[in-house]
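K.L.:
A single structure is presented below for examination.
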Amino acid sequence: MNSNLFDSTSAAQAEKLGSLLPEWIAEIEREKLFQLFVPKRFGGLGLTLSQGLMVEEKLAKSDGSLGWTVTLCAGALWFVGFLDQKLIKEIFPNPKLCFAGSGHVGGRAEKTEKGYRISGHWNYASGALHATHLTANCEIWENGKQVMDSKGEPMVHAFILKKEEVKILDSWHYMGMIATGSYAFKCEDIDVPFQRAFQILPESATLKDSIFQYPFLQLAEATLAVNILGITLHLQELIRETFRKRNEKKHFSEKQLAYANKHFENTAVQLGEVKVALYGAVEKSWSELEREGVIKDNTLQEVSNASRALVQVARTCNASIYPLAGFEATKSDSELNRVWRDFNTVSQHSLLTFPF
């Protein structure tokens, strides 16, 4: 991967554009980064979960929008493991293939003789601007009545929609993660065949690779957590460098320097500890899956706990050293401010709001 492409200058350009730069997309496609978890036999990288997490963390450290978009699009292409086999053969391999989607259940799918007729509106589809396909969750209806599952809840299926079948809506107007282009999309009365419907459950996997037997909740929590980790590492580097430059001008006292250095050291140690805990929990869960074919509930809980703990520590640590950056942190066009805005946007994700 050409890391020189993803520098602070190009990141600022991407934010101004409101999308990943064309040269970034070209590099992502060349390196197959959207296809981290797609098996090699279908043209992807076929990485394990830990390997994918390390890539995502590194990208997020370079730029929050870059890491987040790759993570969400790679997560959407992870759905390959649950697709109809004929559909897989139709769309793979394709180096330019990119799925984007929303976890929101925003659509209605009326069952027809040949498939489903879909209408709906879905928010926050990171990567929608350059996606080839969109994934959309819909409640199922048949003969004018809503279909319920075995638990008495509305039945929900995910669907693969082609880019040309939907309308992308300019709806991402938030303070950070601007280059993700996390736009909404909608469609009205489009007909799709049965084979474009799928369910994200281990027992519904059509491919038997271990990555598709890994529960979606913990996979999502871990991938989001490493993005927050990468952005945090970047932010803390910038705060330390800004403080160093402030000291050259202000000549802080020994007491003030000792205070700052203690906080820098403590936050680095805490962040290192939760990082080790998260990767350790993921490796433990993966080993269980490979060895026994299933992951124990308490092991999955360890992954969830480690993901949430990392986010909580990142919030606390960033808040504790942020004042040391001074007014540089408030300049709207500074790299530090951009990374701070990215962190305080992405860390609002509902999946990791609470520490439990």
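K.L.:
Using helices alone, what [θ] at 222 nm do you get for the chain, with -39,500 (n - 2.57) per DSSP H run of 4 or more residues, divided over all residues and rounded to the nearest 500?
P.N.:
Mean residue ellipticity at 222 nm (helix-derived): -16000 deg cm²/dmol.
K.L.:
Please name which of F99, L201, H349 has its Cα lying farthest along the dipole of the chain towards the positive end, using unit charges on Cβ (Lys, Arg +1; Asp, Glu -1) and the Cα centre as origin.
P.N.:
Most positive-ward Cα: H349.
K.L.:
Which of rounded, prolate or oblate describes the range 79-196 when judged by the alpha-carbon gyration tensor and an a/c cut-off of 1.5?
P.N.:
Because a/c hits 1.5 or more and a/b fails to exceed b/c, the range 79-196 counts as oblate.
K.L.:
For the chain, with all protein chains present and a 1.4 Å probe, just round the carbon and sulfur fraction of the accessible area to a whole percent.
P.N.:
Of all accessible area on the chain, carbon and sulfur atoms account for 53 percent.
K.L.:
Answer rounded, prolate or oblate for the range 10-162, using the Cα gyration tensor with square roots of eigenvalues a ≥ b ≥ c: rounded when a/c is under 1.5, else prolate when a/b is larger than b/c, else oblate.
P.N.:
It is prolate, given that a/c is not under 1.5 and a/b is the larger ratio.
K.L.:
At a 10 angstrom cut-off on C-beta neighbours, averaged per residue, how do the peptides 274-280, 258-264 rank from highest to lowest?
P.N.:
Going by the mean number of other Cβ atoms within 10 Å, highest first, we get 274-280, 258-264.
K.L.:
Right, here's the next one. In whole Hz and in residue order, list the ³J(HN,Hα) couplings for the range 254-267 that follow from phi through the Karplus curve 6.51 cos²θ - 1.76 cosθ + 1.60, θ = phi - 60°; x for Gly and Pro.
P.N.:
So the J values, rounded to whole Hz, are 4, 5, 5, 5, 5, 4, 5, 5, 4, 5, 4, 5, 4, 5.
K.L.:
Which of K61/K249; K86/K163; K111/K186 have a Cα-Cα distance over 22 Å?
P.N.:
With Cα atoms farther than 22 Å apart: K61/K249.
K.L.:
Taking the alpha-carbon centroid of each part, what is the distance from the range 105-177 to the range 20-66 in angstrom?
P.N.:
Measuring centre to centre over Cα atoms gives 25 Å.
K.L.:
Using Cα-Cα distances under 8 Å and only pairs 6 or more residues apart, what relative contact order does the range 52-187 have, in percent?
P.N.:
23
K.L.:
How high is the relative contact order of the range 9-120? Use alpha-carbon pairs under 8 Å, at least six apart in sequence, and give a whole percent.
P.N.:
RCO, the range 9-120: 21 percent.
K.L.:
Moving to a separate point now. At 1.4 Å probe size, what's the solvent-accessible area of L20? Round to the nearest 10 Å².
P.N.:
For L20, solvent-accessible area is about 10 Å².
K.L.:
List the residues whose amide H sits under 5 Å from the amide H of L20, counting only those 5 or more places along or on another chain, with H placed 1.01 Å from N in the peptide plane.
P.N.:
none
K.L.:
Could you grab the relative contact order for the chain? Cα pairs under 8 Å, six or more apart, rounded to a whole percent.
P.N.:
18
K.L.:
Moving on. Treat each spin label as a single point 7 Å out from the Cα along the C-beta direction, and report the Q301 to R108 distance in nm.
P.N.:
Reported label-point gap for Q301 and R108 is 4.0 nm.
K.L.:
Ok, one more. Can you compute the charge dipole magnitude of the range 136-285 about its Cα centre, using +1 on each Lys and Arg Cβ and -1 on each Asp and Glu Cβ, nothing else charged? Give it in debye, rounded to the nearest 20.
P.N.:
In total the dipole reaches around 960 debye.
K.L.:
Continuing with the same structure: Can you tell which of V80, V303, V294 shows the greatest fluctuation in a Gaussian network model of the chain with Cα springs below 10 Å?
P.N.:
For the chain, modelled as a Gaussian network with Cα springs under 10 Å, the answer is V294.
K.L.:
Treating only the Cβ atoms of Lys and Arg (+1) and Asp and Glu (-1) as charged, compute the dipole magnitude of the range 255-352 about its Cα centre; round to the nearest 20 debye.
P.N.:
380
K.L.:
Keeping all protein chains in place, calculate the accessible area per residue for the chain (probe 1.4 angstrom), answer in Å².
P.N.:
Computed with neighbouring chains in place, this is 47 Å² per residue.
The values are calculated or read from the model by the stated rules, or taken from the named source; none is laboratory data. Quick caveat: nothing in here was measured; it's all calculated off a predicted structure. FYI the Cβ positions are ideal-geometry reconstructions off the backbone, even for glycines, and counts take in every protein chain you see. Only protein heavy atoms, including side chains, enter the accessible area calculation; ligands, DNA and RNA are left aside. Shrake-Rupley method; radii C 1.70, N 1.55, O 1.52, S 1.80 Å.
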